[in-house]
Structure formats: C-alpha cells, structure tokens
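To start, the structure under review is shown below, and the notes come after it.
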Amino acid sequence: MALSATEKRKRPVPAEGHSLRILAPLALGAALALSGCGDKPPQPAAAAAPPVTVAQPVKRTVTDWDEFTGRFEAVEEVQIRARVGGFVTSVEFRDGAFVRAGDLLYVIDARPFEAVALQAEGQLSDARAKAELAKRELDRGLNLVQTSAVSEQVVDQRRQALQAAHAAETQAEGALKAAKLNIEFTHVMAPIAGRVSRHLVTPGNLVQGSDGASTLLTSIVSLDPIYIYFDVDEATYLRNNRLWFEGKRPSSRDTPNPVEVTLTGEAKPSHEGKMDFLDNRLDLSTGTLRSRAVIPNKDLSILPGQFGRVRLIGSAPYEALLLPDTAIATDQSRKIVFVVKDDNTVEAKPVTLGPLDEGLRVIREGLKAEDRVIVDGLQRARVGAKVSPHPAPAAATSGDKT
C-alpha cells in the first residue's frame, strides 16, 4: 500500500550500526568467494637427500693370523758353579755385563791344587822309573832263559812285574792329569756368550766344589737368538691340523712357519721369527699345546721373562674384501654394512667379519666387490631412504700401512 508523504516522514530511518551488521556477513561471504577463486598457498619443499661417503671394498691377498700371549726364554741358560772347593780370590766380571765364551769370571786359590800336582808328578816319575827297571830285568831274563840260566818261572814273574809297573805309571798319569784339571778349574770361565747376572760370592769366601753341594756363583743367559713360548688352544690346533690335511697350511712341526711378535706397549709387530717346536701332547690341566718360536735379537733389547703377543700364520694366502671398521654397524647380534643401490637408496647387508689386516677388516661373507658401501655418514642413512653418495678418497679405505 502506498504511503502518503506524511507517513513517509513519520517512518523511522535505520541506524548506522544496524546497516553495518547487515553488510558484514555479506562482505565476509564475498571475501571467501574471492579467495576460493585465487591461487593456493605455497607448500613446504621436499627434504634434500642427506650426503654420505661411499667406497667399494678393497680387494687384496691376505693371510689369516692367530694371536697368542707368550713369554721369552733364553735359548741357553747356565748356572755357574764352583767345580773345586777353595777360597775365592777375585771376581773378574761386572754385574750384568755381556760376556763371551771363555771370559774369566772367578779365580779360586790354586795353591793347594798346585801342591797336589807336584806330588802327582813325583809319583809319575817314580812309576816310570820302576817300569823302566822292570823292562830291563825282563829283557835280561829273556836272554838268560835261552841258556837255561834262569827258569821260565822267573821270566813270567818279571813279565808280570813290568805289567804292574805300567799300570802304576798309568795311575800316576791319571792323578797328575786330575791335579792339573783342578788347577784349571780354579779359573772359572764363561761356557757360553750372554748376559751375566750379579756375583753371588765375594772374594774371601769359601766355596764348595763338585765333591759336595757345589756353590752357585752366578748365571748366564744367551740373548741372540731368543725363544718365545706360547700355548695354543685345542680348537686352533684342530683347525690348523685340518688345514694341513687339506693341503691349505703347512704344519709347524716340519715347516718353520713365520711368526710376528708385538712387545708390551707396542701397537704393531716389531720382531719376526719362525716356529721351532711343538710339544708332543696337550697339557691336561689347560687343554693347550706348548709351542715355541725362535726370534732374532740382534740389538739384545729383548730379555728372558718378557711378555709378547705372538701372531702365527693361520691360513694360506687368499683373496679377500676389506673395509674400515667405521663402515660396520651392529644390529643386535648381527654385523651389517649399509650399501647404496643404483637408485641411491640405502640397503642393509649382514656380513661375516674376519680379522684385521693392515688396519682394515676382512669381510668373509655378505659383500660383493662392486658394492658401494657407506663409510662415512652412517648416522644419516636410513634403510630404504635416498641419499646423496660421494666417493671416498683413496686413503680412507687403503688402511694404515705405516
């Protein structure tokens, strides 16, 4: 119905706030419609593949070694004892010095033995004179018996007297020789070359000879070469014996197999030698086989009684793949390496480890020569994820050969 001019003037005008409340929903709807028609917001960029260092296994000929703890012993060891009794007059060596065979060590008073030697010389002269007289009487009797001037009985008696005189002469010669030996024994000589211990008897002391409990004067041990004794466990012995039967390893009984020795405090072997002896039975209490190697000791630096680590050849030379230990991870009870495949994804391969060889670990099973193994950046590698592989420098996988 149309309103009159008077009614239009009487109708109230809407307030400003009311009109804003009406327009606000319309404006919001329009804004949403416009945003739906525009571009989408930017998405986050995909994560870059983590960088890792890869290298192929080192392939070379290696030899397995078994390692044992051993103790050095002298090849020759002599206890120097007095062979005659008497008073010590001088000590002729310096304690701990190196002596040669024939060097004078001790001097014992020789005067009593010289007197005995003079007496023995007199007895020998007497025996020789009697033997000469008996010979002359026998010759005279042999001439007289032809004319029957003496009987055959007299000739036989003179022949027996000559034999007795010769026997007495022999006894006197033996007594003189013994007396001269005793004089010689008063000068105590070094029977072997080696390092002498300290002197145990000082001048003026009485020592006992071989007739009683002989007195210990000192000792000498040889130093070059030197033995090292070690015990081989039964399992290693059986394995080496099996390899010998298969023709893969020579036996140390008839072949001087090489050994390497590392002294206490050393990081790598410093001495080389060869096997010298295997015992004929295993020790019942330990189940080990006593073995021995001989080591050159030109500088006399090794002393008997020292410990050393012995490396004994444990196989014939064979081709092997090797990796640094840093490339090997542990998954519970397994050893694994991470390999980068052709599509740059990571794969875990379980491996069987062997011994160390020149700083690298022998991989017996589980790896191929063409595999790209992660040697650095293992913490960034995830199985099945992509990585950015970079080749390792040659020195990183060559091992420490210094």
Only listed residue being open to solvent by 30 Å² or more (accessible area, probe 1.4 Å) and in a loop (DSSP other than H, G, I, E, B), chosen from 60, 83:
83
Write out, first by first residue and then by second, each pair whose Cβ atoms fall under 8 Å of each other, whose residues are 6+ apart or on separate chains, and whose first residue, in the stretch 248-269, is at pLDDT 90 or above while the second is open to solvent by 80 Å² or more (accessible area, probe 1.4 Å) and in a loop (DSSP other than H, G, I, E, B).
262/268
Considering only the stretch 148-177, how many residues are of a type outside the set (S, T, N, Q) and within 60 Å of the chain's Cα centre (by Cα)?
6
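Can residue 145 be described as open to solvent by less than 40 Å² (accessible area, probe 1.4 Å) and either modelled with pLDDT under 90 or of a type in the set (Asp, Glu) (or both)?
Numbers: open to solvent by less than 40 Å² (accessible area, probe 1.4 Å): yes; either modelled with pLDDT under 90 or of a type in the set (Asp, Glu) (or both): yes.
Yes, satisfied.
Return yes when residue 232 is at pLDDT 90 or above and either open to solvent by less than 40 Å² (accessible area, probe 1.4 Å) or in contact with a helix residue (DSSP H, G or I) (Cβ under 6 Å, 6 or more places away or on another chain) (or both) and no when it is not.
Judged against the criteria, residue 232 is a match.
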Suppose we keep only residues that are within 15 Å of residue 68 (Cα to Cα), touching a residue at least 24 places away in the same chain (Cβ under 8 Å) and among the charged types (D, E, K, R) within the stretch 273-293. Which one would you say is surrounded by the most Cβ atoms within 10 Å (Cβ to Cβ)?
292
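So, of the residues in the stretch 266-293 that are part of a loop (DSSP other than H, G, I, E, B) and of a type in the set (Lys, Arg), which turns out to be farthest from residue 234 (Cα to Cα)?
Just the residues of the stretch 266-293 that are part of a loop (DSSP other than H, G, I, E, B), to begin with: 266-270, 279-287.
If we keep only those that are of a type in the set (Lys, Arg) as well, we get 268, 281.
Numbers: 268: 26, 281: 11 Å.
Only one residue tops the list, namely 268.
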Within the stretch 68-80, work out how many residues are among the hydrophobic types (A, V, I, L, M, F, W, C) and open to solvent by 90 Å² or more (accessible area, probe 1.4 Å).
0
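When the residues of the stretch 265-285 are narrowed to those that are over 18 Å from residue 241 (Cβ atoms) and of a type in the set (S, T, N, Q), which ends up nearest to the chain's Cα centre (by Cα)?
Looking only at the stretch 265-285, we keep the residues that are over 18 Å from residue 241 (Cβ atoms), and these are 265-274, 276, 284-285.
Narrowing the set further to residues that are of a type in the set (S, T, N, Q) leaves 270, 285.
Values: 270: 9, 285: 23 Å.
Within the stretch 265-285, the match that is nearest to the chain's Cα centre (by Cα) is 270.
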Within the stretch 186-208, does at least one residue satisfy the condition of being open to solvent by less than 50 Å² (accessible area, probe 1.4 Å) and either of a type in the set (Lys, Arg) or in a helix (DSSP H, G or I) (or both)?
no
Need the failing condition index for residue 339 against (1) open to solvent by 50 Å² or more (accessible area, probe 1.4 Å); (2) at pLDDT 90 or above; (3) of a type outside the set (Ser, Thr, Tyr), just the number.
(1)
Those residues that are in contact with a Phe, Trp or Tyr (Cβ under 7 Å, 6 or more places away or on another chain), open to solvent by less than 20 Å² (accessible area, probe 1.4 Å) and outside any loop (DSSP other than H, G, I, E, B), I need them from the stretch 294-331; list them, please.
308, 310, 312
Tell me, which strands (runs of 3 or more DSSP E) lie completely within the stretch 350-402 with 3 or more residues that are at pLDDT 85 or above and either within 29 Å of the chain's Cα centre (by Cα) or on the phi > 0 side of the Ramachandran plot (or both)?
360-365
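Scan the stretch 97-117 residue by residue and report those that are open to solvent by 30 Å² or more (accessible area, probe 1.4 Å) and touching a residue at least 40 places away in the same chain (Cβ under 8 Å).
As a first pass, look at the stretch 97-117 and keep what is open to solvent by 30 Å² or more (accessible area, probe 1.4 Å): 98, 100-104, 109, 111-116.
Answer for the stretch 97-117, where residues must be open to solvent by 30 Å² or more (accessible area, probe 1.4 Å) and touching a residue at least 40 places away in the same chain (Cβ under 8 Å): 98, 100, 101, 102, 103, 104, 109, 113, 114, 116.
The values are calculated or read from the model by the stated rules, or taken from the named source; none is laboratory data. Computed from a prediction, not measured in an experiment: that's the story for all the values here. Heads up, the Cβs are rebuilt from the backbone with ideal geometry, glycines too, and the neighbour counts pull from every protein chain shown. Note: accessible area is taken over every heavy atom of the protein model, side chains too, but ligands, DNA and RNA are not part of it. Shrake-Rupley method; radii C 1.70, N 1.55, O 1.52, S 1.80 Å.
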